[in-house]
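Engineer: Sending over a structure as structure tokens; questions will come in a sec.
The values are calculated or read from the model by the stated rules, or taken from the named source; none is laboratory data. Remember, predicted model here, so these are calculated numbers, not experimental data. Note that each Cβ is placed from the backbone with ideal geometry, even for glycine, and that neighbours are counted across all protein chains shown.
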Amino acid sequence: MREQLYRSLYRIRRVEEEIARVYPTDKIKSPVHLSIGQEAVSVGVCAALQPRDVVYGTYRGHALYLARGGDLRAMIAELYGRATGCTKGKGGSMHLIAPKQRVMGTSAVVGTTIANAVGHAYAVRYRRQAAVVASFFGDGATEEGVFAESLNFAVLKRLPILFVCENNGYAIHTRQERRQGTPAICERARAHGLPAERLDGDDLLDLVGRARDVVPRVRAGEGPWFFEVMTYRWREHVGPGCDYDLGYRTEDEAAPHIANDPVRRLAETLDRAGRAVIEAAVEQEIADAFAFAEASPFPTAEELTSDVFKEEDHAATLR
Amino acid sequence: MREQLYRSLYRIRRVEEEIARVYPTDKIKSPVHLSIGQEAVSVGVCAALQPRDVVYGTYRGHALYLARGGDLRAMIAELYGRATGCTKGKGGSMHLIAPKQRVMGTSAVVGTTIANAVGHAYAVRYRRQAAVVASFFGDGATEEGVFAESLNFAVLKRLPILFVCENNGYAIHTRQERRQGTPAICERARAHGLPAERLDGDDLLDLVGRARDVVPRVRAGEGPWFFEVMTYRWREHVGPGCDYDLGYRTEDEAAPHIANDPVRRLAETLDRAGRAVIEAAVEQEIADAFAFAEASPFPTAEELTSDVFKEEDHAATLR
Amino acid sequence: MPRLSVKPAGRRLPAAEPRRPAERTLSYVEAIREATDQEMGRDPAVILFGLDVDDPKAIQGTARGLAEKYGPERVFGTPLSEDAMTGAAVGMALAGLRPIHVHIRMDFLMLAMNQLVNVAAKTRSMYGGRAGVPLVVRAMIGKSWGQGAQHSQGLHSFFMHVPGLKVVAPATPYDAKGCLSAAVRDDDPVLYVEHRLLHFQKGPVPEERYAVGPGRARVTAAGADVTIVGISWMQVECLRAQRYLADVGIKAEVIDPIWLSPLDIDTVVASVEKTGRLLVVDTAWLCCGAAAEIVAQVAERLQGVRDLGLRRLGFAPTTCPTTPALEELFYPNARTIAAAARDLVEGAPTGWLPEERSDLQSIEFKGPF
Amino acid sequence: MPRLSVKPAGRRLPAAEPRRPAERTLSYVEAIREATDQEMGRDPAVILFGLDVDDPKAIQGTARGLAEKYGPERVFGTPLSEDAMTGAAVGMALAGLRPIHVHIRMDFLMLAMNQLVNVAAKTRSMYGGRAGVPLVVRAMIGKSWGQGAQHSQGLHSFFMHVPGLKVVAPATPYDAKGCLSAAVRDDDPVLYVEHRLLHFQKGPVPEERYAVGPGRARVTAAGADVTIVGISWMQVECLRAQRYLADVGIKAEVIDPIWLSPLDIDTVVASVEKTGRLLVVDTAWLCCGAAAEIVAQVAERLQGVRDLGLRRLGFAPTTCPTTPALEELFYPNARTIAAAARDLVEGAPTGWLPEERSDLQSIEFKGPF
Ligand SMILES: Cc1ncc(C[n+]2csc(CCOP(=O)(O)OP(=O)(O)O)c2C)c(N)n1
Ligand SMILES: Cc1ncc(C[n+]2csc(CCOP(=O)(O)OP(=O)(O)O)c2C)c(N)n1
Ligand SMILES: [Mg+2]
Ligand SMILES: [Mg+2]
């Protein structure tokens, strides 16, 4: 299982490093919010999910999409704005979706998918499906009213949902303490009546362990659960680079996280040979995905007004 | 001081009983949300406020408006839709305002004035005024996202505001347990980092005591404070009557509150003579206010498009 | 999902056709209730929720008995959380349910705009057709008895403005039932606009299921002198105005767009091409409203074809006042509509205002709401 | 409050007048920053806040240095709480402050609609003039580089629809400064619309304080053949289109409404009465949009006066796609505007599309945003 986790973790890291490398060429026609440094959160939680389970995420969604098994070619093609992208080039990096892998939504408006995930969990329970919904969002999203409203409804209806707050300490360039009267996000969750715990986002194996304890209980109908996962964004809020020069944070602050890099730490626990095989396969897959994107066509003009409604003809009558 | 409290309490009770009595005649052209049974909350908190202090309330605002010294004639004229009303007949019962008495806003959209009160408190602090803002709202309002957002900002900026949640156990016909995952409103407030306490809305003197302890601390800059005051609405949600026949609640549930009627209890602590004087004066004032409203003119047609903007001429150019 | 049955059904009934001699008379409230009941009976994916949906008043009776019949998981009241409950409705729809989310005042949708405009409307297109939101949002427009500033707005034009949303505003019990069925079966988000005064209307409503889908406006009165388009409650006032006008020999053609988005402008254009005069009456403000869009489209379509007389009526350009003295002036009514139409026909202000006819009075609804 | 100085100032500069030979050239960003600085310097009641206002990027530089200059109580970043922060802004205004609340995307205003539409817009009228909300809401319209579905909307028509709100969309650095000063001094809520691409524009901006108040549109190019109204960024595209049209001998009159609400329709009507042709270009969807209102008002005002050619251009009726292949088709541009104007003049589709002129290209802004 450590091999699988490493494959997923290494794959996400390398895909985003590659995105960052290619970005200056302007081939990628979409803003990118990289998860480099935060990959373990998605990988750890998704390791405890089953295929029927559902996830919702944010504009910082590459890691979640890939951790859930979203198609890499379709993702890179999406970033390249090609017709072969996971949304035909219409949504871009901030709106990845993979219905087959049950990645049911990502949004560029902070907080919105928390409520969508809660509604999905209601549908799951209404249909007596044994699925669990996992809702991923940032520390900033907890300041939006929809966060409190969603937790209240999830508890009121005892919904099968796991809330995963990826606390990277920042909303763009503003630290949590400057936005929240108290940093105790878990306290706020508990006050709504659901169990909440803070976890170390650099400790993948612990994350997997906790998720594997909790997900079955949520599935069994014990009601919603809350994870606050402490993590750190290594790159700038949006874009490929680093931003220590901006002065809102220091490299010293990042140092311990980089020292605890979950990718490196997990790598060290694997034998050289097996690891080399995994890495070679991933590099191959990445090269293939970028080549696929490069070679893919852009959507044609007719695509502009398609998909407004299921019945195409209505699009025409809509001014 | 008990005389003053009784005068205020008795006055509100009798004004609303009179509104209920007149209502069937259709002279009152506005929906009315009566506070009968809940008067002590407004009277108790306002007894601890100074003239410079500010209050914001809701569509259930007669008690707060009167407890703050709002003009009774202007309020009754407002309900009658007359030009002499506190908003010239434009706002009606749900939108009472009395800038002189610092009643700065009431809203028919649940929760909205909580944020307005927080902003007003920010202005007060910014100007180094030693005023306190009191924000009154119901238990249902705590379910709106704006409640959590407002508490967070008030704590973040340590604003001079006292939140007063009038918990009458219902939002229209739906009890709190059917709307909230946990009824612990004070817990939710504390989780945002402010002190919160639950008080008995039928115990006026205790309310006054607590408010007089807390308000000076808020004024001194200790930051926001939260009261959850347990109270009970004797009449229907909107309108003059009782609604036990609807079946969503029983008279048994109301009985203990009616038995503890703060108006009667306080009356019993006063000597007959002094009390008779107060009551006679109030009855006189009420009769005068209704006569004033009856005699007042309706607004003229020109008033329709006045007050859209400060510069009238703009109203015309706005389609 | 028999989704294909929707538009055909809508088409199968030519909107311009006089309504069939119907078996029964139902109120608008009963028609909504019946459509909801029939759709819920037909499809377990349909669920109904919103503030106070399951309370003793059951949303003016439109949900009467449904909580008992379908149980608390399918019919439930919600917390006061319009934003999250709308987001939850979107999530339910993404999961394949067909939620009907009810709001007793359209004004409260201002708390749901983010989920409706930024999520529901965008889902199908921004995901390249790989997901959809079959959601119905019922929103009521309040009027009378001092509903006032925040309980009286008709904000349907906001939803007409945004691609990806459909908007319907039925004016009769017949359409109330047919349009709600069509909306529930629609695979995309639909705003279903109900005017509080329409709830009291009675009219013929067939018992069987039928759908009045998008695409066809209905000519509700034929005439050659002036075209009057009346939206939602204003359709009732316009039909009364048509009778005031008949008293003075003016033949007005009255049109009910029924669906505001997508809008059947062809029916309106065809009528105006004949009459040369268009009066659009909305239960909303005019600036950037539905009336502006209809007037603009007709003027564009008939440019160079013929001269036009154009006029819009709607809310006065101010906040709705509570006092009846001003509230009465805030709204168009049958008589002011008739007067405006006559001025259009005469080509100049006539100063005419018909005497009120007792048989054409508005039943104003009495408080408390 | 020297509020009376506002409209006079606005009036004192006849909008149609060519702009004075100005001392300096500033960017739109610098003009906003200067107006904010001058108003804050003039009046301690003016405060500036919004998400990331005080961060290193200072809202594309429009707030550069202001936090340092005026301190963290007057210039501050906020939590991610658009609803409550807008409500707080209303409360500050009720307390007599003059808040400027900034949003880096207009799309996020969908979370603030309740406070803006139900509270800010209603306050003065529903309280019978006994309270007011002198609030400025700055909202940016995003474009290019895959801003996509939720970072690209122009929703200004929502705010034009609601009485009690004013809307301004300056297109030049000169107006960016003058309109912001006027908005800050206005005693009522003003939505100040900034297009992200306009931030890069440079132009003459006087150093002293001045206000460009409501009431006057500006004729930015004179011509007799066709009237082109361009809103916000589209004003830039329309002026380029005017030059493409000049190349083929068509004289277009270009108008910048500047203030969308209240709207100076007289200037547009006067122009169309002369040209007989109106093309309105908006950076928004058309249905129930600003363009619909302008077309409708002009058609109403000139009915019976003269024949009209009418046309609207704006966003394609779909969600904004990220891929440049489709994004380019989503927006009108100088060449498609010129083509539409020529078709209006010729009275029929000509199929003409001008060759792109390098001096009239759009500088598209490059990501990441
Ligand atoms: C409702 C809303 N407000 C503001 C923004 C602008 N914005 C984009 S990302 C972001 C920070 C979000 O922080 P967080 O939730 O912690 O997620 P992170 O970016 O740290 O992963 C902000 C404020 C937005 N997209 N949506
Ligand atoms: C945002 C919003 N949603 C719904 C309503 C309809 N409504 C009016 S009063 C009310 C109940 C509010 O309950 P609470 O806050 O406890 O106040 P109470 O009426 O008990 O004093 C509701 C749901 C509203 N006015 N505003
Ligand atoms: Mg963060
Ligand atoms: Mg209550």
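Engineer: If the Cβ limit is 9 Å and pairs must be 6+ apart or interchain, which residue in the stretch D:201-220 that is polar (S, T, N, Q) pairs with which residue that is surrounded by fewer than 22 Cβ atoms within 10 Å (Cβ to Cβ) and part of a strand (DSSP E or B)?
Structural biologist: Sorted first by the residue in the stretch D:201-220, then by its partner, the pairs are D:GLN201/D:SER27.
Engineer: Among the residues in the stretch C:147-157, are any within 14 Å of chain A (Cβ to nearest Cβ) and surrounded by 24 or more Cβ atoms within 10 Å (Cβ to Cβ)?
Structural biologist: Step one: filter the stretch C:147-157 for residues within 14 Å of chain A (Cβ to nearest Cβ), giving C:157.
Narrowing further to those that are surrounded by 24 or more Cβ atoms within 10 Å (Cβ to Cβ): C:157.
Scanning the stretch C:147-157, I find at least one residue that is within 14 Å of chain A (Cβ to nearest Cβ) and surrounded by 24 or more Cβ atoms within 10 Å (Cβ to Cβ), so the answer is yes.
Engineer: Okay, next question. For the stretch B:131-142, what are the residues that are over 17 Å from D:GLY91 (Cα atoms) and either surrounded by fewer than 24 Cβ atoms within 10 Å (Cβ to Cβ) or within 6 Å of ligand 2 (Cβ to nearest atom) (or both)? Break it down stepwise before answering.
Structural biologist: Taking the stretch B:131-142 first, the residues over 17 Å from D:GLY91 (Cα atoms) are B:138-142.
Within the stretch B:131-142, B:GLY138, B:ASP139, B:GLY140, B:ALA141 meet the criteria.
Engineer: When residues of the stretch A:143-191 are filtered for being part of a helix (DSSP H, G or I) and within 20 Å of B:THR182 (Cβ to Cβ), how many remain?
Structural biologist: Here is the first cut: in the stretch A:143-191, the residues part of a helix (DSSP H, G or I) are A:143, A:145-156, A:176-178, A:185-191.
Retained after the next criterion (residues that are within 20 Å of B:THR182 (Cβ to Cβ)): A:145-156, A:185-191.
The qualifying residues number 19.
Engineer: For the stretch C:60-89, name all the residues that are part of a loop (DSSP other than H, G, I, E, B) and away from chain A (no Cβ under 12 Å).
Structural biologist: First, pick out the residues of the stretch C:60-89 that are part of a loop (DSSP other than H, G, I, E, B): C:60-65, C:71-74, C:77-81.
Selection gives C:GLN60, C:GLY61, C:THR62, C:ALA63, C:ARG64, C:GLY65.
Engineer: Has the stretch B:176-183 got at least one residue that is farther than 28 Å from B:HIS33 by Cα and either surrounded by 19 or more Cβ atoms within 10 Å (Cβ to Cβ) or within 16 Å of ligand 4 (Cβ to nearest atom) (or both)? Can you show your working first?
Structural biologist: First pass over the stretch B:176-183, keeping only residues farther than 28 Å from B:HIS33 by Cα: none.
Checked the stretch B:176-183: no residue is farther than 28 Å from B:HIS33 by Cα and either surrounded by 19 or more Cβ atoms within 10 Å (Cβ to Cβ) or within 16 Å of ligand 4 (Cβ to nearest atom) (or both).
Engineer: Looking only at the stretch A:20-62, count how many residues are more than 16 Å from ligand 1 (Cβ to nearest atom) and within 20 Å of A:ILE172 (Cβ to Cβ).
Structural biologist: 2
Engineer: Search the stretch A:153-174 for residues that are within 12 Å of chain B (Cβ to nearest Cβ) and over 30 Å from D:VAL53 (Cβ atoms) and pair each with any residue that is acidic (Asp, Glu) and away from ligand 2 (no atom under 16 Å from the Cβ) when their beta-carbon atoms are under 8 Å apart and the residues are at least 6 apart or on different chains.
Structural biologist: Here the result reads A:ARG158/A:GLU222, each pair linking the stretch A:153-174 to a residue that is acidic (Asp, Glu) and away from ligand 2 (no atom under 16 Å from the Cβ).
Engineer: Assigned to a helix (DSSP H, G or I), farther than 19 Å from A:VAL41 by Cβ and either more than 12 Å from ligand 3 (Cβ to nearest atom) or modelled with pLDDT under 95 (or both): does that describe A:ARG125? Write out each step before concluding.
Structural biologist: Values: assigned to a helix (DSSP H, G or I): yes; farther than 19 Å from A:VAL41 by Cβ: yes; either more than 12 Å from ligand 3 (Cβ to nearest atom) or modelled with pLDDT under 95 (or both): yes.
The answer is yes for A:ARG125.
Engineer: Among the listed residues A:GLY119, A:GLY138, identify the single one that is in contact (Cβ under 8 Å) with a residue 40 or more places away in the chain and within 23 Å of D:ASP107 (Cβ to Cβ). Spell out the reasoning first.
Structural biologist: Details: A:GLY119 fails: in contact (Cβ under 8 Å) with a residue 40 or more places away in the chain.
The unique qualifying residue is A:GLY138.
Engineer: Can you go through C:LEU66, C:LEU48 and tell me which one is surrounded by 19 or more Cβ atoms within 10 Å (Cβ to Cβ), under 24 Å from C:ASP186 (Cα atoms) and either acidic (Asp, Glu) or in contact with a Pro (Cβ under 9 Å, 6 or more places away or on another chain) (or both)? Walk me through how you get there before you give the answer.
Structural biologist: Numbers: C:LEU66 fails: either acidic (Asp, Glu) or in contact with a Pro (Cβ under 9 Å, 6 or more places away or on another chain) (or both).
After ruling out the rest, the residue left standing is C:LEU48.
Engineer: Applying the selection to the stretch C:294-343, what residues are more than 10 Å from every other protein chain (Cβ to nearest Cβ), crowded, with 22+ Cβ neighbours inside 10 Å and of a type outside the set (Gly, Ala, Ser)?
Structural biologist: C:LEU313, C:PRO332, C:ILE337, C:ARG342, listed by residue number.
Engineer: Another question, if that's okay. Assess whether B:ARG158 counts as being touching a strand residue (DSSP E or B) at 6+ places or on another chain (Cβ under 7 Å) and more than 16 Å from ligand 1 (Cβ to nearest atom). Full working, then the answer.
Structural biologist: Numbers: touching a strand residue (DSSP E or B) at 6+ places or on another chain (Cβ under 7 Å): no; more than 16 Å from ligand 1 (Cβ to nearest atom): yes.
No; evaluated as a whole, the condition is false for this residue.
Engineer: Here is a follow-up. Kindly state which strands (runs of 3 or more DSSP E) lie completely within the stretch C:229-334 and contain at least 1 residues that are of a type in the set (Lys, Arg) and touching a strand residue (DSSP E or B) at 6+ places or on another chain (Cβ under 8 Å). Can you show your working first?
Structural biologist: On the way: elements: C:252-256, C:259-261, C:277-281, C:309-313.
By residue number, C:277-281, C:309-313.
Engineer: Would the stretch B:58-81 turn up any residue that is out of contact with any Phe, Trp or Tyr (no Cβ under 8 Å at 6 or more places or on another chain), acidic (Asp, Glu) and buried (at least 22 other Cβ atoms within 10 Å of the Cβ)?
Structural biologist: Yes, the conditions are met somewhere in the stretch B:58-81.
Engineer: Just to be sure before I move on: is A:LEU266 out of contact with any His (no Cβ under 6 Å at 6 or more places or on another chain) and at pLDDT below 95 in the structure I sent?
Structural biologist: On the way: out of contact with any His (no Cβ under 6 Å at 6 or more places or on another chain): yes; at pLDDT below 95: no.
Spelling it out, it is not the case that A:LEU266 is out of contact with any His (no Cβ under 6 Å at 6 or more places or on another chain) and at pLDDT below 95.
Engineer: Please specify each residue of the stretch B:85-111 satisfying the condition of being assigned to a loop (DSSP other than H, G, I, E, B) and farther than 22 Å from B:THR305 by Cβ.
Structural biologist: Here is the first cut: in the stretch B:85-111, the residues assigned to a loop (DSSP other than H, G, I, E, B) are B:85-92, B:96-97, B:102, B:108-111.
Selection gives B:LEU96, B:ARG102, B:VAL109, B:VAL110, B:GLY111.
Engineer: For the stretch C:175-186, check the following and say yes or no: at least one residue is acidic (Asp, Glu), over 15 Å from the mean Cα position of the chain (by Cα), crowded, with 23+ Cβ neighbours inside 10 Å and not in a helix (DSSP H, G or I). Show your work before the answer.
Structural biologist: Residues of the stretch C:175-186 acidic (Asp, Glu): C:175, C:186.
Filter again for over 15 Å from the mean Cα position of the chain (by Cα), leaving C:186.
Next, only the ones that are crowded, with 23+ Cβ neighbours inside 10 Å stay: C:186.
Next, from what is left, pick out any that are not in a helix (DSSP H, G or I): C:186.
Looking through the stretch C:175-186, at least one residue is acidic (Asp, Glu), over 15 Å from the mean Cα position of the chain (by Cα), crowded, with 23+ Cβ neighbours inside 10 Å and not in a helix (DSSP H, G or I).
Engineer: Going by the structure shown, is D:ASP83 more than 27 Å from B:ARG102 (Cα to Cα) and either among the charged types (D, E, K, R) or surrounded by 24 or more Cβ atoms within 10 Å (Cβ to Cβ) (or both)?
Structural biologist: Details: more than 27 Å from B:ARG102 (Cα to Cα): no; either among the charged types (D, E, K, R) or surrounded by 24 or more Cβ atoms within 10 Å (Cβ to Cβ) (or both): yes.
When the stated conditions are applied, D:ASP83 does not pass them.
Engineer: Restricting the stretch D:89-107 to residues that are within 16 Å of ligand 1 (Cβ to nearest atom) and surrounded by fewer than 24 Cβ atoms within 10 Å (Cβ to Cβ), which is farthest from D:ALA63 (Cα to Cα)?
Structural biologist: Ranking the candidates gives D:ARG105 first.
Engineer: Where residues in the stretch A:5-35 are of a type in the set (Gly, Ala, Ser) and either assigned to a helix (DSSP H, G or I) or under 20 Å from A:ALA281 (Cβ atoms) (or both), which of them is nearest to ligand 4 (Cβ to nearest atom)? Steps first, please.
Structural biologist: As a first pass, look at the stretch A:5-35 and keep what is of a type in the set (Gly, Ala, Ser): A:8, A:20, A:30, A:35.
Keeping just the survivors that are either assigned to a helix (DSSP H, G or I) or under 20 Å from A:ALA281 (Cβ atoms) (or both) gives A:8, A:20.
Numbers: A:SER8: 49, A:ALA20: 53 Å.
Among residues in the stretch A:5-35 that are of a type in the set (Gly, Ala, Ser) and either assigned to a helix (DSSP H, G or I) or under 20 Å from A:ALA281 (Cβ atoms) (or both), the one nearest to ligand 4 (Cβ to nearest atom) is A:SER8.
Engineer: Being in a strand (DSSP E or B) and either within 16 Å of ligand 3 (Cβ to nearest atom) or small (Gly, Ala, Ser) (or both) narrows it down to one residue among D:ALA93, D:ALA139, D:ALA120; which is it? Don't jump to the end; show me each part of the working.
Structural biologist: Values: D:ALA93 fails: in a strand (DSSP E or B); D:ALA120 fails: in a strand (DSSP E or B).
Sole residue among the options that is in a strand (DSSP E or B) and either within 16 Å of ligand 3 (Cβ to nearest atom) or small (Gly, Ala, Ser) (or both): D:ALA139.
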